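Down below is the structure, laid out as structure tokens.
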Amino acid sequence: MIQQLKSRQQYQPIVNTILYDRKSDQVHYPSKNIVENLDHIPPPDYDGYPLNLYLSPKPVLPYAPTRGCYWNRCAFCHYGATQKGTAKYREKKLEQMIADLDILAEKYNTNHFAFSVDVMAPKTVLAIAKELIKHNRKYLWSTDIRVDDLFTRQNCQIIKQGGCLSVAIGLESACQRILELMDKGISPYQAQDCIHNLSSAGISTQIMTFLNFPTETAREAMETIQFIRLNMSDISLFTMGDFVLHHGSKIFENPEKYGIDRIYFPKNDDFKLLTQYTEKRHTKSERDKEQIESAYADIAVQYAPQDFPFVGGVSNNHTLLYFERFGKDILKQLNSNTDDTISEPKTFKRHDIPVMRPEIKAMAANYCLSEIEDVIERNPLNLEQSLHNRQINCELNESTKTYPQKTMYLLIQSMNWLETPQHASFLLQMCNGKNTAEDIINMISPNAWDMLSTVLNSLYSYNVLDKKQ
Ligand code: SF4
């Protein structure tokens with residue numbers, strides 16, 4: 001790059017380098033990226049870092065035994081040395097990983113490591129643990145993983161025995177439709193099992209999620225919040241961010257498929273990294289957003305240790321030391337000293353009799369109430385006046401005619417409603433005060449116990465169902 005600048009020659013692409021040419025307002029991407037062979041890379045060199053001056057009882061050293069992502073399919077994801085998707089997955093040889101850890105442990109007098117990876121393959125997590133057990137190494141470590149069926153109860157115990165203190169899990173959403181649209185390749189039920197197995201083995205679980213994936217409705221956002229709430233006993237810590245559209249992701253390449261109609265960049269964003277977008281449909285009204293915010297605050301406060309500034313972030317090394325010293329539930333225990341206690345999640349046991357509350361009305365419609373409410377909110381008139389307003393009428397026609405399917409709504413009170421999956425209607429008919437939760441699920445599909453009990457519990461928490469006394 002320096003040679004090109006010195007000689008003022010025409011710009012030629014340079015490997016692994018993105019350049020912005022201000023004159024032509026062009027961003028030049030490299031024609032190819034060179035991906036290094038991890039086995040040829042020595043362990044990281046922390047010489048020169050005053051490790052003893054860090055405000056930490058012991059150093060926790062970052063170390064990368066793997067790089068890139070073995071899944072490389074999530075629609076929102078772009079990072080690593082690649083123009084699209086994620087960088088190719090690479091691993092060091094197992095014996096070299098252990099040799100690197102030995103060198104770092106001896107040189108910097110520590111046995112704590114944060115495996116700073118994009119996502120480690122589950123078989124490798126297990127293999128590292130087994131290798132550390134075999135060689136009697138007492139290293140303690142954390143890593144990032146994806147939900148996978150390999151995290152069985154037995155394997156999680158081996159992983160814990162091999163020194164794993166904590167894992168950060170990219171769940172993203174707990175709504176099946178959104179997970180499929182993301183191409184995450186997992187279901188909420190798999191996630192529930194995986195998190196439970198890890199937690200039961202004593203490994204702290206840090207769950208990473210985000211809301212507002214394009215087309216996500218309020219109900220779908222609530223499913224993610226509800227998942228955290230229902231699985232709180234197995235979740236040591238969680239984050240819930242906002243969707244960000246990344247250059248190089250599948251969504252950026254094919255926005256139409258994800259309901260995005262316009263992508264633009266703020267002025268002065270030379271490298272075109274701060275991607276902005278608009279969606280074809282409004283999927284959440286202002287009232288929805290308030291409800292989501294309040295439901296989020298209700299669970300977030302359970303993990304907010306206000307007086308402990310060094311603990312709380314996912315993949316934060318201080319958090320790791322807290323987990324080691326005080327156990328995987330420390331963040332919830334610290335919070336239990338405050339007044340912000342949360343009520344137990346409402347769940348049905350097998351022999352409970354769910355009954356639909358008499359004041360609830362169900363209706364099916366092929367329009368989207370959120371959208372209508374949103375249009376009305378943006379124009380502060382009452383519904384009747386709004387519908388006579390030509391502009392709003394057009395907007396409503398526009399949205400209702402494109403709304404793809406019949407949707408079921410449960411009217412909880414005159415101004416309070418819940419969008420519900422179609423398959424819940426049959427289930428609701430059976431909540432007539434005669435059948436137990438177990439009967440209902442067995443009559444519909446005994447093989448879908450997890451999914452149906454989640455729907456039942458979710459309707460219970462929204463006060464649509466009650467327990468017959
Ligand atoms: S989100 Fe995680 S699992 Fe999905 S492609 Fe990106 S790194 Fe891989």
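The values are calculated or read from the model by the stated rules, or taken from the named source; none is laboratory data. Remember, predicted model here, so these are calculated numbers, not experimental data. Cβ placement follows ideal geometry from the backbone for every residue including glycine, while neighbour counts extend to all protein chains displayed. Remember, those area values only see protein heavy atoms, side chains included, never the ligands or the DNA or RNA. Shrake-Rupley method; radii C 1.70, N 1.55, O 1.52, S 1.80 Å.
A simple rule links phi to the HN-Hα coupling: the Karplus curve 6.51 cos²θ - 1.76 cosθ + 1.60 with θ = phi - 60°, which for the stretch 428-436 gives 5, 4, 7, 8, 9, x, 10, 9, 7 Hz, with x for Gly and Pro.
Going 7 Å from the Cα of Phe265 along its beta-carbon direction, which residues of the stretch 1-32 have the amide nitrogen within less than 14 Å of the resulting point? Only 18-30 fall inside the zone, counting backbone N under 14 Å. Here the label points at Ser24 and Lys468, each 7 Å from Cα along the C-beta direction, are separated by 7.5 nm in the simple model.
Ordered from highest to lowest accessible area with the whole protein assembly present and a 1.4 Å probe, Arg8, Arg73, Arg325, Arg219 read as Arg8, Arg325, Arg73, Arg219.
Rounded to the nearest 10 square angstrom, His135 shows an accessible area of 80 square angstrom against a 1.4 Å probe. The stretch 422-460 and the stretch 235-266 have Cα centres spaced 34 Å apart. Largest accessible area first, the listed residues Arg357, Arg350 line up as Arg350, Arg357 when surface is computed with a 1.4 Å probe on the assembled protein chains. Across the stretch 40-335, the mean sequence separation of Cα contacts (distance under 8 Å, 6 or more residues apart), normalised by length, yields a relative contact order of 16 percent.
Less than 5 angstrom separates the built amide H of Leu237 from those of Thr205, Ile207, all sequence-distant by 5 or more or on a different chain. Each Lys or Arg adds one and each Asp or Glu takes one away; over the other residues whose Cβ falls under 14 Å from the Cβ of Gln83, this sums to +4. The stretch between Ser7 and Asn432, if pulled fully straight at 0.36 nm per residue, gains 144.8 nm over its current Cα-Cα span. Spin-label model, Gln161 to Ser294: label points 7 Å out along the Cα-to-beta-carbon direction sit 5.0 nm apart. In this structure the amide hydrogen of His247, modeled in the peptide plane, comes within under 5 Å of the amide hydrogens of Thr275, none closer than 5 places in sequence on its chain. The accessible-area ordering, largest first, of the residues Glu180, Glu438, Glu216 stands as Glu180, Glu438, Glu216, per a 1.4 angstrom probe. Please list log₁₀ I(q)/I(0) at q = 0.08, 0.16 Å⁻¹ for the stretch 40-335, using the Debye equation with identical point scatterers on the alpha-carbon positions. Log-scaled intensity ratios, in q order: -0.38, -1.38.
Accessible surface of Lys138, taken over heavy atoms with a 1.4 Å probe and every protein chain present, rounds to 140 Å². Reducing the stretch 115-171 and the stretch 51-98 to their Cα centroids gives an inter-centroid distance of 14 Å. Overall shape of the stretch 111-166 was characterised from the C-alpha gyration tensor. The equivalent ellipsoid obtained from it has semi-axes of 16, 14, 9 Å, in decreasing order. Here r is the Cβ-Cβ distance between Tyr189 and Tyr46 and R0 is 60 Å; the resulting FRET efficiency, rounded to 0.05, is 0.90.
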